[in-house]
1. Could you let me know the centre-to-centre spacing of segment B:130-167 and segment A:320-389, using Cα atoms, in angstrom?
2. How would you order A:417-424, A:363-370, B:116-123 from highest to lowest mean count of nearby Cβ atoms within 10 Å?
3. Across segment B:20-28, in residue order, what do the Karplus-derived ³J(HN,Hα) couplings come to in whole Hz, using 6.51 cos²θ - 1.76 cosθ + 1.60 with θ = phi - 60° and x for Gly and Pro?
4. Tabulate in residue order the Karplus-calculated ³J(HN,Hα) for segment B:69-86, using 6.51 cos²θ - 1.76 cosθ + 1.60 with θ = phi - 60°, rounded to whole Hz; enter x for Gly and Pro.
5. Compute the orientation-averaged projected area for segment B:202-307 from the convex hull of its Cα atoms and round it to one decimal in nm².
6. Between segment B:242-274 and segment B:178-209, how far is it from one alpha carbon centroid to the other, in angstrom?
7. Build a GNM of chain B with springs between Cα atoms under 10 Å: which of B:Gly62, B:Gly146, B:Gly203 gets the top mean-square fluctuation?
8. Going down the table (A:Lys288/B:Lys10; A:Lys10/B:Lys131; B:Lys9/B:Lys73; B:Lys107/B:Lys138), which pairs top 27 Å between alpha carbons?
Amino acid sequence: MRVLLAMVEKDLLRRLRSPLPTILLLLFPLIFSGLIALTFGGAEAKVPKVHLLLDDRDGGLVGRLVGAAFSREEAQTYFEVKTLTAEDRKAGDAALLEREGATAVLRLPASLTDDVLAGRPAHLELVKSPAQSILPDVAEQVTSVLAEVLSSSSRLLRGPLDQMRNTQATPGGGVSDPRVAEIAVQVNGVVTRARPYLLPPVVTLDTLDTATRSGAKGPQGQKGPQPKPAGSSSTPSLFLLFLPGIAVYTLFNLADQMMRDLLIEARLKTLRRQLAGPLTAGRVLAGKALSTAAVATLALLALTAVGAAVAPRGVSLAGYLLLSFALVAAATGYASAVFGVARNERQGATLANLVSLLMAFTGGSFIPLNSLPAALRALSPFSLLYWATQGYQKLVTEQLGLQAVLPNIAILAGAGFLLLALSAPLWQRRLLQGELT
Amino acid sequence: MIRVEALRKKFGDKTAVDGISFAVEAREIYGLLGPNGAGKTTTLSMLSGLLAPDSGRITFDGVDLARDPIGCKRQLGVVPQEVAVYEELSALENVRFWGSLYGLSGKALAAAAGEALARVELTGRARDPVKTYSGGMKRRLNLALGLVHSPRAVLLDEVTVGIDPQARASILDVVRAVADSGTAVIYTTHYLEEAERLCDRIGIVDHGSILAEGTLDALKAQLGEEEVVTLHGRFEADAARAALAGLPGVRVLSAEPGRIAFTAGEAGAAGLLGDIYSRGLAIDRVAIEPPSLNALFLRLTGRELRD
């Protein structure tokens with residue numbers, strides 16, 4: 001163990017004496033995330049809101065439900081809704097959009113409630129602002145989800161809706177308490193039975209939410225978003241939104257650098273000298289893997305210190321520590337595998353860049369997962385960066401606990417140790433056959 | 001202390017080491033003398049456990065290297081041809097690191113590190129980064145790293161390549177002192193003067209084999225009192241051979257365009273030169289060498305050591 005510690009100390013000292021490459025690498029996620037935040041509105045940039053003009057010509061039950069949907073606390077983070085008055089309507093859509101600086105006008109037809117209750121086709125109308133680029137698309141997606149919800153509800157709740165329609169149509173409008181209770185029980189029964197299949201994807205806004213809550217709808221098959229704990233209602237900043245993914249990518253690059261050092265030591269002949277000493281090839285490899293883990297841990301601490309300054313309070317410490325340990329293991333194992341198969345430094349560096357970039361893109365490190373084509377999204381679970389990024393986003397952005405990231409921890413740590421185990425014989429063979437000496 | 005028996009190593013079709021055997025005792029410096037590519041470094045690589053021999057046996061104090069590589073290597077110090085040090089670190093940090101690999105720690109490590117640096121006269125610059133050192137200083141540090149754990153045997157592979165005469169002399173003094181302290185030393189070089197000055201016994205190596213072995217005097221005695229004559233001029237090798245043919249006592253050692261080397265026999269060089277000139281050979285320069293390692297090497301291999 002003392003020998004291994006000496007090897008780690010030596011590698012840390014070498015990094016300390018030539019710190020520039022490591023510092024530049026560590027600055028990358030901070031600069032990149034900072035630039036994104038600045039580009040979209042300053043260091044404290046908030047997620048831009050969709051400014052929606054609601055033209056409710058229905059005025060009935062369904063129209064009010066739609067209006068209420070946008071008024072929920074969760075939706076308010078992303079939507080700002082103004083209901084148009086009769087006076088506003090006179091201006092026309094284009095003028096309204098320009099005057100209000102709005103993203104879109106959502107028009108609910110006059111017969112919406114009747115049509116939904118009767119099971120007839122109903123059409124929502126969305127007029128997008130040509131002056132904005134991304135947000136109108138967001139509005140369109142949400143509206144389409146809303147339409148799905150209404151359609152599904154109309155079909156699922158056919159029985160109770162018919163009863164409600166009949167009740168509404170009754171002259172005098174009187175309805176007894178037992179009748180209300182009967183309809184409520186029917187609605188509750190349908191909703192309870194259908195909840196596992198339909199409610200998670202349609203009732204919540206997680207499709208829009210993915211930039212900050214992509215873990216909620218990822219390929220892990222986990223449950224939808226959970227309510228935020230009290231006191232954590234702060235709007236997620238863009239800096240914090242991108243930092244975990246890019247920090248994870250950086251950490252993998254740092255691990256690459258460290259394992260690449262084994263090939264550099266082969267070139268410098270210090271590796272040959274170590275193997276001429278009383279060391280087995282396995283111990284030399286273990287020493288470098290430990291050094292890699294140590295440097296990655298220190299880098300993670302530095303990035304954590306920066307992240308802690310902007311992150312909300314109440315992040316699960318146990319979850320964070322275990323996820324970080326698993327991430328270090330994964331990055332070390334990955335780097336060991338990549339450089340274990342590479343014939344030389346240059347080949348290793350090229351391969352490492354290629355693989356880590358691929359994993360970063362498919363893992364949502366640079367681009368939110370919901371912005372990726374479905375084909376790429378299907379590859380996400382094969383990316384170690386996906387599990388790490390999602391894990392940190394769950395802990396930091398969604399404020400979830402250790403239990404929520406246990407799958408991430410298991411997969412990262414498992415993959416890390418498996419890759420180390422698989423690459424060790426490769427290294428040993430190369431070291432013993434004199435390929436590196 | 002070190003015993004090498006019938007060591008062989010092939011790389012593909014090329015035989016790098018072809019049945020080398022020798023033994024080195026404590027306090028002895030054994031020189032492996034030969035040109036580049038003779039098989040010296042391959043032999044040392046096998047001795048230091050970096051390469052497995054195809055056949056043959058290496059023992060340290062009777063312990064087979066193949067059976068107990070870690071135990072054997074713990075007694076061994078290796079100083080490679082290349083300056084294998086960490087340039088970002090200081091000399092002290094380097095020495096401490098390499099010492100710790102051999103199990104030293106605490107006060108023992110500190111003392112050993114200080115002693116090793118003092119031995120190569122680097123104490124005054126011990127805390128400076130190695131990248132600020134001159135080539136000679138790096139070479140001295142390279143040597144110190146192989147000595148820090150006070151090994152019972154040291155393998156030194158061309159450790160004076162590319163340094164100035166003063167630094168070379170300093171290194172040779174250290175090597176002599178190490179041997180005098182009881183360590184067995186194997187020293188490879190292609191510098192004749194070093195081998196002559198430093199080594200107690202010398203093995204002349206070429207094409208993976210030891211062609212001759214013994215003390216300097218014993219090796220010179222193999223050559224007898226014959227002078228080696230080398231003619232340089234404007235001639236073809238065959239023409240030069242023809243010109244020397246039939247001269248009494250002459251034995252051609254090597255011939256190539258513009259140069260021919262031969263032993264003059266009892267007649268001596270002076271007695272032959274007149275005959276050679278009279279045979280019309282266009283000679284520009286004549287070199288007459290007394291019996292030496294180079295002359296022996298030339299006689300054994302047909303080429304000069306520096307070739």
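None of the figures in this text is laboratory data; all of them are computed from the coordinates on show. All of these numbers come straight from a predicted model, not from anything done at the bench. Note: ideal-geometry Cβ built from the backbone for every residue, glycine included; neighbour counts use all protein chains shown.
1. Answer, in whole Å: 43.
2. So the order, starting with the most tightly packed, is A:363-370, B:116-123, A:417-424.
3. 6, 9, 6, 9, 10, 9, 4, 6, 10
4. x, 5, x, 5, 5, 5, 8, 10, x, 10, 10, x, 4, 7, 7, 8, 10, 8
5. Averaged projected hull area, Cα only: 6.5 nm².
6. About 31 Å separates the Cα centre of segment B:242-274 from the one of segment B:178-209.
7. Between B:Gly62, B:Gly146, B:Gly203, it is B:Gly62 that shows the largest mean-square fluctuation.
8. Working: A:Lys288/B:Lys10 31 Å; A:Lys10/B:Lys131 16 Å; B:Lys9/B:Lys73 20 Å; B:Lys107/B:Lys138 25 Å.
Violating the 27 Å Cα-Cα cut-off are A:Lys288/B:Lys10.
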